[in-house]
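Here is the structure we will look at, set down as structure tokens.
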Amino acid sequence: MLENSISATYENLSVVCEYCGCKNIFNRATDLLTLEPISGLDVKCLNTACGKTFRIFGDTINPAFEMLVFDCDELYKLKHYASCIANLTQAWETFFANYLRVELAYKPYAHDEDLDKLNANLMNLYNFSKRWTFGSLRSIFLNMCIKPVESVDVLSEKYGQLRLAPERAALADVKADIHDLVEKLYDTEIGELRNKIVHKNAYLPHKDEVDKYITETRETLFPLAHKLGVKGDDVNWYLRSI
Ligand SMILES: [Zn+2]
């Protein structure tokens, strides 16, 4: 019923109140107190003159990395080009972290269905990877595409080595169906551009640069996620797909 008027982003849900027609923007962390997709939730209209309770449905269930890319559309319209680049880079980081959870926690769980082990793996992974950023995560991802890593323990032992970018020639060992996409990721300079924007002299990117990286990210990240079966964090999905 309200599905047409709901608009979801990674951070916010915006819904038109069915009583007063006012646009309500609910921040997931602050107002909804959950980062999970909302399949049905009673909310109170934020227009104080109305304040009626209504139910929201039909939140998107796209993985977080996809939402971060989709959110760029709005930022782009508003000419927030620096934020677009920050979002796209964060989308990659979120994808890499999701890939690690899939390969090292969800897929093993789909085989042994050992819930304690799943939780221990997720916790370990979170603890030692929470400060990794684009450069390290990309190198780990590339190295794992060249040669799979067997477990969270192996990743933690070999981290020093895996966080270094592989030689370009080593990409020859990447599986054929993802080889070209992995090569594009190897060559992208979006991480350097983000660092220029965030860390150094607050570089302001030009529209052309943003166009280039929005296209590049969509054409690389989405098919890569599809081919690798990275679909977010619904562990049941991986149980069903193995
Ligand atoms: Zn209202």
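Please tell me if R55 is in a helix (DSSP H, G or I), of a type in the set (D, E, K, R) and in contact (Cβ under 8 Å) with a residue 40 or more places away in the chain.
no
Please indicate, with yes or no, whether at least one residue in the range 64-82 is within 16 Å of the ligand (Cβ to nearest atom), in a loop (DSSP other than H, G, I, E, B) and not aliphatic (A, V, I, L, M).
No, the range 64-82 contains no residue that is within 16 Å of the ligand (Cβ to nearest atom), in a loop (DSSP other than H, G, I, E, B) and not aliphatic (A, V, I, L, M).
Applying the selection to the range 145-160, what residues are β-branched (V, I, T), surrounded by 14 or more Cβ atoms within 10 Å (Cβ to Cβ) and under 19 Å from N121 (Cα atoms)? Break it down stepwise before answering.
The initial filter retains those residues of the range 145-160 that are β-branched (V, I, T), namely 146, 149, 152, 154.
Then keep just the ones that are surrounded by 14 or more Cβ atoms within 10 Å (Cβ to Cβ); that gives 146, 149, 152.
Matches in the range 145-160: V149, V152.
For residues that are more than 30 Å from N124 (Cα to Cα) and of a type in the set (K, R), scanning just the range 55-105, find the one that is surrounded by the most Cβ atoms within 10 Å (Cβ to Cβ).
Per the stated criteria, the residue is R55.
Inside the range 20-37, can you point out the residues that are within 16 Å of the ligand (Cβ to nearest atom), touching a residue at least 12 places away in the same chain (Cβ under 8 Å) and touching a Ser or Thr at 6+ places or on another chain (Cβ under 9 Å)?
Correct list: N24, I25, F26.
Does T48 satisfy being in the same structural domain as T220 (by TED's automatic domain parsing) and either at pLDDT 90 or above or in a loop (DSSP other than H, G, I, E, B) (or both)?
So T48 fails the test.
The values are calculated or read from the model by the stated rules, or taken from the named source; none is laboratory data. Only a predicted model underlies this, so the values are computations on that prediction, with no experimental measurement involved. Here the Cβ is made from the backbone with ideal geometry for all residues, glycine too, and neighbour counts use every protein chain on show.
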